[in-house]
1. Using a Gaussian network model of the chain whose springs link C-alpha atoms within less than 10 Å, name the residue from V161, V83, V179 with the highest mean-square fluctuation.
2. With a 1.4 Å probe and all protein chains kept in place, how much accessible area does S82 have, in Å² rounded to the nearest 10?
3. Using a 1.4 Å probe on the protein heavy atoms only, what accessible surface does W171 show? Give it in Å² to the nearest 10.
4. Against the longest alpha carbon principal axis of the chain, how many degrees, from 0 to 90 and to the nearest 10, is the axis of helix 201-211 turned?
5. Could you provide, to the nearest whole Å², the per residue accessible area of the chain with probe 1.4 Å?
6. Write down the percent of antiparallel bridges among all DSSP beta bridges whose residues are both part of the chain, to the nearest 5.
7. Using a 1.4 Å probe on the protein heavy atoms, what percent of the accessible area of the chain belongs to carbon and sulfur?
8. Mean-square fluctuation check for the chain, GNM, Cα pairs under 10 Å: which of N160, N79, N14 is largest?
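The values are calculated or read from the model by the stated rules, or taken from the named source; none is laboratory data. Computed from a predicted structure; not experimentally measured. No Cβ is skipped: glycine too gets one built from the backbone with ideal geometry, and neighbour counts run over all protein chains shown. Note: accessible area is taken over every heavy atom of the protein model, side chains too, but ligands, DNA and RNA are not part of it. Shrake-Rupley method; radii C 1.70, N 1.55, O 1.52, S 1.80 Å.
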Amino acid sequence: MTTSTSLQHLFDNNRAWAARMEQQRPGFFTQLAKQQAPKYLWIGCADSRVPANEITGLDPGEVFVHRNIANVVVHSDLNALSVIQFAVDHLKVEHIMVVGHYSCGGVLAALRGTRVGLADNWLRHVHDVKLRHRKRLDHLTIAQQQDTLCEMNVIEQVGNVALTNVLQDAWARGQKVTVHGWCYGLADGLVKDLGVSMQGSDEVMPVFQNAFKRYPRPDSL
């Protein structure tokens, strides 16, 4: 059995989808092929259960997407930085959403110290988030730690995006682009806004610092 034959159902699904789209919206693909003008950049986890377009109800062409394990953005990752730069400088997106999700396998591996292989090096970034905020995590139940670290990881990555030279330069020239932090629930399909939206350089540090106050240390309870 050839690879193409074993995947025939995917080709069949594709043809059915394309025919359905063209029937419902004649000329959709012709128009889509002419330009790419999304207003949104989605930076999310590579988890197959978290599809950007379906979650937001957006069509192809309406959201630019970058995904990796545990939705991490670090200043040494030229892949993520190139996507952000292209989205901001060329596509002129108006919103960047960093989207994590509860029960994220990468975050849970970092929390539990589970070895998964080569990805351990990548997940060290999430482990660093855990260490940095351990006093806000250690007193929580295991379930609370899991959800809280998923949220904290998103907040950290929002800060990382906002501090890139791409965003700093865009804001300096007056470009309107806002960075948001969301967390998606696998159990109910709903997105939670973490309230860390930033739309200018002067907002980055206050928003970032205030965000973690919602996770109090035990000595402040």
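1. Answer for the Gaussian network model of the chain: V83.
2. 70 Å²
3. W171 has an accessible surface of roughly 30 Å² with all protein chains in place.
4. 60 degrees
5. About 55 Å² of surface per residue is accessible.
6. Looking only at bridges with both residues in the chain, the antiparallel portion is about 20 percent.
7. On the way: 6400 of 12100 Å².
C and S fraction of accessible area: 53 percent.
8. N14
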